[in-house]
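The values are calculated or read from the model by the stated rules, or taken from the named source; none is laboratory data. All figures in this text were calculated on a predicted structure; none of them were measured in a lab. Reconstructed Cβ throughout: ideal geometry from the backbone, glycine too, with neighbour counts over all protein chains shown.
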Amino acid sequence: MKVLFIGGTGIISSACSRLAVDRGINLYLLNRGRSARTTPDGAHVLHADVRDPAAVASALAGHTFDVVVNWMAFTPEHIRADLALFSGNTGQYVFISSASAYQTPPASLPVTESTPLHNPFWQYSRDKVACEDLLVRAYREQGFPVTIVRPSHTYDQTLLPMDGGYTVVRRMRQGKPVIVHGDGTSLWTLTHHRDFAVGLIGLLGNPHALGEAFHITGDEIQTWNQIFGAVAQAAGTRAELLHLPSSLIAAHDPAWGAGLLGDKSHSMVFDNTKIKRAVPEFRAVIPFFQGAQEIMAWYDADPARQVVDEALDRAMDALVAAYGRALPG
């Protein structure tokens, strides 16, 4: 297959790019070429800013693709541009949506692909739903060959799962309290990007995927207390957890709160039956304790990677202090 990835060097897509080349796919990557992640040997790179239609058209001139995967579409305007560019020019168009588009909070668990799409808290998720709506309409009315994929909190060795990233690890290592939303017992699903890649690559050129939506997630279910504990253990320390309501965090830091109220504060457990039926080889095999070890090995290998957000650290101190003042006595 000749496949185009729009993007292809991000946290999720980098593993997919490597696996695609390993599987013998003739892979092209369209991006600006500025990622710190390396491009796999054997992939062809086309340089263009995906938000510059003239540059994209020039870079793609003379090419047709069996499959196009867009990792960089976030708004309906991005989808309209792709519909104009790829209608009649590809056998399959894969849109990378988000599992945060599902009903939040979900009325029932586990979440399946038929769970309603409705997130009243987070604009990012609502934009993804609007993108999906356009593509489903194009499939129904014009036969546009779309496949929708919804990842859920997929990580690589560079991505700590909690808000604040390495700032939280430094607090752990300093013995300072780290803030966990709610009581830390809401259920969450983390997916290693190498596991995700098996599902995604198995959908490319797959006739059972056309007109369909799939989420691709791990099957391991953990509480946020367990997630923080796994990171602390991998960091060679322990975590002093301070539990605060998501609404209180949002009142002090709206940007942090948006991701909590719109996503992480609600239990999300997924039924992966559909992707396993379409791609029988898909099976998530990397548990998070192993992923956490990979993450901390990456951060500890180079102190330059240990970036601390000092403003966020002060905001966390302020929340801790406010909690202390609110205690009786």
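Below are the figures for this structure:
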| quantity | calculated |
| --- | --- |
| Verdict on Ile216 being closer than 21 Å to Leu319 by Cβ, in contact with a Leu (Cβ under 8 Å, 6 or more places away or on another chain), surrounded by 22 or more Cβ atoms within 10 Å (Cβ to Cβ) and touching a residue at least 60 places away in the same chain (Cβ under 8 Å) | no |
| Filter result for Ala284 (in a loop (DSSP other than H, G, I, E, B) and either touching a residue at least 24 places away in the same chain (Cβ under 8 Å) or of a type in the set (A, V, I, L, M, F, W, C) (or both)) | yes |
| Candidate set from the range 223-281 (those that are in contact with a strand residue (DSSP E or B) (Cβ under 8 Å, 6 or more places away or on another chain), aliphatic (A, V, I, L, M) and not in a helix (DSSP H, G or I)); member that is surrounded by the most Cβ atoms within 10 Å (Cβ to Cβ) | Ala239 |
| Candidate set: the range 24-41, residues that are within 23 Å of Gln157 (Cα to Cα) and in contact with a helix residue (DSSP H, G or I) (Cβ under 6 Å, 6 or more places away or on another chain); chosen: the one surrounded by the fewest Cβ atoms within 10 Å (Cβ to Cβ) | Arg37 |
| Residue tally, condition surrounded by fewer than 23 Cβ atoms within 10 Å (Cβ to Cβ) and touching a helix residue (DSSP H, G or I) at 6+ places or on another chain (Cβ under 6 Å), over the range 58-68 | 0 |
| Residue among Val45, Val56 that is touching a strand residue (DSSP E or B) at 6+ places or on another chain (Cβ under 9 Å) and closer than 22 Å to Leu134 by Cβ | Val56 |
| Unique residue being in the same structural domain as Ser100 (by TED's automatic domain parsing) and at pLDDT below 95 when the list is Tyr139, Tyr124 | Tyr124 |
| The range 281-329, residues that are within 13 Å of Val231 (Cα to Cα) and over 27 Å from the mean Cα position of the chain (by Cα) | none |
| Hey, Ala255 in the same structural domain as Tyr299 (by TED's automatic domain parsing), modelled with pLDDT under 95 and under 24 Å from Val308 (Cβ atoms) or not | yes |
| Residue check, Ile275 farther than 15 Å from Pro161 by Cβ, outside the structural domain of Ser100 (by TED's automatic domain parsing), of a type in the set (Val, Ile, Thr) and modelled with pLDDT under 95 | no |
| In the range 13-67, the residues that are touching a Gly at 6+ places or on another chain (Cβ under 8 Å), in contact (Cβ under 8 Å) with a residue 60 or more places away in the chain and assigned to a loop (DSSP other than H, G, I, E, B) | Asp66 |
| The range 136-165, residues that are in contact with a helix residue (DSSP H, G or I) (Cβ under 9 Å, 6 or more places away or on another chain) and basic (Lys, Arg) | Arg150 |
